[in-house]
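Accompanying notes for the structure given below.
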Amino acid sequence: MEVESSCFYDREMEVKLFDETRAGVKGLVDSGVTKVPRFLIHPPESFLFKKEENTLVSADEENNNNHYHDQHHDNDYDDQVPIIDLEGFDDDVDTTKRGLIVGKIREAAESWGFFQMINHGIPDFVMNNMLDGIRDFHEQPNETKIAWYSRDPKRRVRFYCNGDLLVSRTANWRDSIIFDFQDGPLEKDAFPPICRERVEEYMKHVSRVREVLSELLSEALGLNKEYLGKIECMKSETLVGHYYPLCPEPDLTQGTTKHSDPSALTLLLQDQMGGLQVLRRNRWVDVPPLPSVLVANVGDLMQLITNDKFKSVEHRVVAMKNGARVSAACFLYPSATHRNKPYGPIEEFLSEEEPPKYTQTTIFDYLTYYRSKGLDGNSALPHFRI
C-alpha cells in the first residue's frame, strides 16, 4: 500500500482486515509486499531524537553522532551497557566476589536500568535452542501456526501481531508468541509441538537465574537477600518470543516503539541481528548481541517499589532490511496469588526527606492501564506518580 494523504483512509478497517488474515507481519512479507502498509507507518516525530534541551536531530544525524561517539569513546562507561560477570556470586569462601557483583548490579540498575550478564548459568546450547524454537515457530507455514493466533488474554499460549494493535496509533513490525506461566506450569499439550521441549528446558534455567537475581537485587538495595523473594514481586514468568521480519522500508516503521517494561525485571535473550537500543541521557545506545550473554532490564514495578532508586529505562527495536530478528523476553511479575496485592514504595526507603513518589497499585491495575494506552512512546509510570 502506497503512502498517501487521503481523507478516505479507514485505519480501523485496514487493521481489521489485516488481523483477520491471522498471518501477522510475516504474512505481509511472504505475500511479497514492497511497501509498508499505512497502519504500520510511524509519524516523523518518532524518528527524531532529543540531543540537548530544545534541540532535535534527525535519525541520520543521530546515527552519525553515535558512530563518531563510538569511535572516540570506546572505553566510556556511558557508551556501553554494563557487562557483569556472575561467576563467584555463590562463593562461600571468597565473599568479596559477591560483594563486587552486588555493587556492579547496584550501579547498573541505578544509572542504566540495563545490564548484560555472563556466567549466568544458562548453557549456550539451551539459549541457542530457545531462539531456534521461536524462529521455527514463526517461520512455519501460516496454515500450521494459524491455530495459535488469538487475542484472548485467557489463552496462556497464543500467537499474535502487536498486542496493542486495536488501541495503538501505529503498529510495530513484529509478531509474537506468548507463554504465560503466571498461574503455574503449562500442560505439555498447551505448547506448539515445534518448540515445546526447547521452551520448557529454557524456562527451567530461567527460574534459577530469577532466584539468583532476586537475592542479588535485594542486596544491591541494601536489604536482606530474601526481601524481594518474600514480597514475590518477581515470582512468576511470562515468556514472549518476538519475530521481526526483514522490512522493505525500515525508515518508515519500527520493530518496537520506545517503551519501558511493566514488569519488575525482564530477562532478554537476543539473536545476532542487533537492533535493540537503550535511551541513555537523550541518546540511543546500541545493545549489541554478544555470545553467551543474557540481558536484564529494570521494569516499571521495580522502579515504583524502590521509589526511583532503580530505573526502568526506555528502549526500542529498530526495523531492519537485512534479515529477520528473533528474541525471547521473559517478564518477571508478582505471583498469581499476589496479582491483586497493593505494591508501593518500600518502607525502608521512605522518610520525611524521601516521601513516597508513587501511589500503591496492584500489578493487575498497572497492566490494565499499560495495555489500555498501548505502546504510545510514553511511560505508564507518571500515571501512578504522587
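The values are calculated or read from the model by the stated rules, or taken from the named source; none is laboratory data. Model, not experiment: these values are computed from the prediction. As a convention, Cβ positions derive from the backbone with ideal geometry for all residues, glycine included, and neighbour counts pool all protein chains shown. These area figures cover heavy atoms from the full protein model, side chains too; ligands, DNA and RNA do not enter into them. Shrake-Rupley method; radii C 1.70, N 1.55, O 1.52, S 1.80 Å.
Would segment 140-150 turn up any residue that is among the basic types (K, R), surrounded by 15 or more Cβ atoms within 10 Å (Cβ to Cβ), at pLDDT 95 or above and under 20 Å from the mean Cα position of the chain (by Cα)?
Kept after step one, since they are among the basic types (K, R), are these residues of segment 140-150: 145.
With surrounded by 15 or more Cβ atoms within 10 Å (Cβ to Cβ) added as a condition, the list becomes 145.
Subset that is at pLDDT 95 or above: 145.
Narrowing further to those that are under 20 Å from the mean Cα position of the chain (by Cα): none.
Looking for residues that are among the basic types (K, R), surrounded by 15 or more Cβ atoms within 10 Å (Cβ to Cβ), at pLDDT 95 or above and under 20 Å from the mean Cα position of the chain (by Cα), one finds none in segment 140-150, hence no.
Whether any residue in segment 163-170 is open to solvent by 10 Å² or more (accessible area, probe 1.4 Å), more than 30 Å from D251 (Cβ to Cβ) and of a type outside the set (K, R) is what I want to check.
no
Which members of segment 272-293 meet the condition of being open to solvent by less than 40 Å² (accessible area, probe 1.4 Å), under 15 Å from the mean Cα position of the chain (by Cα) and closer than 19 Å to E110 by Cα?
Filtering segment 272-293 for residues open to solvent by less than 40 Å² (accessible area, probe 1.4 Å) gives 274-278, 280, 283-285, 287, 289, 293.
Within this subset, residues satisfying the condition of being under 15 Å from the mean Cα position of the chain (by Cα) are 274-278, 287, 289.
Scanning segment 272-293 gives Q277, V278, V287.
Working only within segment 363-380, note down all residues that are β-branched (V, I, T) and under 10 Å from T257 (Cβ atoms).
If we filter segment 363-380 for residues that are β-branched (V, I, T), which is where we start, we get 363, 368.
Answer for segment 363-380, where residues must be β-branched (V, I, T) and under 10 Å from T257 (Cβ atoms): there is none.
Which count do you get for residues in segment 322-354 that are without any contact (Cβ under 8 Å) to a residue 60 or more places away in the chain, over 26 Å from L239 (Cβ atoms) and open to solvent by 70 Å² or more (accessible area, probe 1.4 Å)?
5
Could you tell me how many of the residues in segment 219-236 are polar (S, T, N, Q) and farther than 15 Å from G299 by Cα? So that I can check it myself, show each step before the final result.
Applying the first criterion (polar (S, T, N, Q)) to segment 219-236 yields 224, 236.
Remaining after also requiring farther than 15 Å from G299 by Cα: 224.
Looking only at that region, the number is 1.
Could you please find all residues in segment 215-237 being open to solvent by 10 Å² or more (accessible area, probe 1.4 Å) and under 16 Å from M203 (Cα atoms)? Reasoning before the result, please.
We begin by selecting, within segment 215-237, every residue open to solvent by 10 Å² or more (accessible area, probe 1.4 Å); these are 215, 219, 221-227, 229-232, 235, 237.
Those that are open to solvent by 10 Å² or more (accessible area, probe 1.4 Å) and under 16 Å from M203 (Cα atoms): K235, E237.
If a residue must be in a helix (DSSP H, G or I) and open to solvent by 20 Å² or more (accessible area, probe 1.4 Å), how many such residues does segment 357-376 contain?
So the first thing to find is which residues in segment 357-376 are in a helix (DSSP H, G or I), and the list is 363-373.
Retained after the next criterion (residues that are open to solvent by 20 Å² or more (accessible area, probe 1.4 Å)): 364-365, 368-373.
Residues flagged as in a helix (DSSP H, G or I) and open to solvent by 20 Å² or more (accessible area, probe 1.4 Å) within segment 357-376 amount to 8.
Given (1) surrounded by 14 or more Cβ atoms within 10 Å (Cβ to Cβ); (2) in contact (Cβ under 8 Å) with a residue 24 or more places away in the chain; (3) charged (D, E, K, R), identify the lone condition not met by R158.
Every listed condition holds for R158 apart from (2).
Out of (1) open to solvent by less than 20 Å² (accessible area, probe 1.4 Å); (2) touching a strand residue (DSSP E or B) at 6+ places or on another chain (Cβ under 7 Å); (3) among the β-branched types (V, I, T), the odd one out for I118 is which?
With respect to (1) open to solvent by less than 20 Å² (accessible area, probe 1.4 Å); (2) touching a strand residue (DSSP E or B) at 6+ places or on another chain (Cβ under 7 Å); (3) among the β-branched types (V, I, T), I118 is out only on (1).
With the requirement that a residue be under 24 Å from S207 (Cβ atoms) and assigned to a loop (DSSP other than H, G, I, E, B), what does segment 288-308 give you?
P289, L290, P291, S292, V293, G299, T306
List every residue pair whose Cβ atoms lie under 6 Å apart, where the two residues are 6 or more positions apart in sequence or sit on different chains, the first residue falls within segment 105-117 and is touching a residue at least 40 places away in the same chain (Cβ under 8 Å) and closer than 15 Å to Q303 by Cβ, and the second residue, located anywhere, is open to solvent by less than 50 Å² (accessible area, probe 1.4 Å) and hydroxyl-bearing (S, T, Y).
Hits for this filter: G113/S312.
Looking at (1) modelled with pLDDT under 95; (2) under 18 Å from E314 (Cα atoms), which is the only condition Q71 fails?
(2)
Kindly list, by first and then second residue, each pair from a residue in segment 24-42 that is among the hydroxyl-bearing types (S, T, Y) to a residue that is open to solvent by 20 Å² or more (accessible area, probe 1.4 Å), limited to pairs with Cβ atoms under 7 Å and residues at least 6 apart or on different chains.
Taking only residues 6 or more apart or on different chains, the pairs are T34/P248.
Give the residue that is modelled with the lowest pLDDT, with candidates limited to residues of segment 32-54 that are surrounded by 10 or more Cβ atoms within 10 Å (Cβ to Cβ) and farther than 18 Å from S168 by Cα. Write out each step before concluding.
In the first step, residues of segment 32-54 are kept if they are surrounded by 10 or more Cβ atoms within 10 Å (Cβ to Cβ); the result is 33, 35-44, 46-51.
Checking the rest, the ones that are also farther than 18 Å from S168 by Cα come to 33, 35, 48-51.
Details: V33: 96, K35: 97, L48: 66, F49: 57, K50: 41, K51: 36.
By that ranking, first place goes to K51.
This table checks each residue for (1) of a type in the set (F, W, Y); (2) in a loop (DSSP other than H, G, I, E, B).
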{"site": "F159", "(1), (2)": "yes, no"}
{"site": "G163", "(1), (2)": "no, yes"}
{"site": "V167", "(1), (2)": "no, yes"}
{"site": "G229", "(1), (2)": "no, no"}
{"site": "L267", "(1), (2)": "no, no"}
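Can you tell me which residue among K104, K97 is modelled with pLDDT of 95 or more and either in a helix (DSSP H, G or I) or open to solvent by 90 Å² or more (accessible area, probe 1.4 Å) (or both)?
K104
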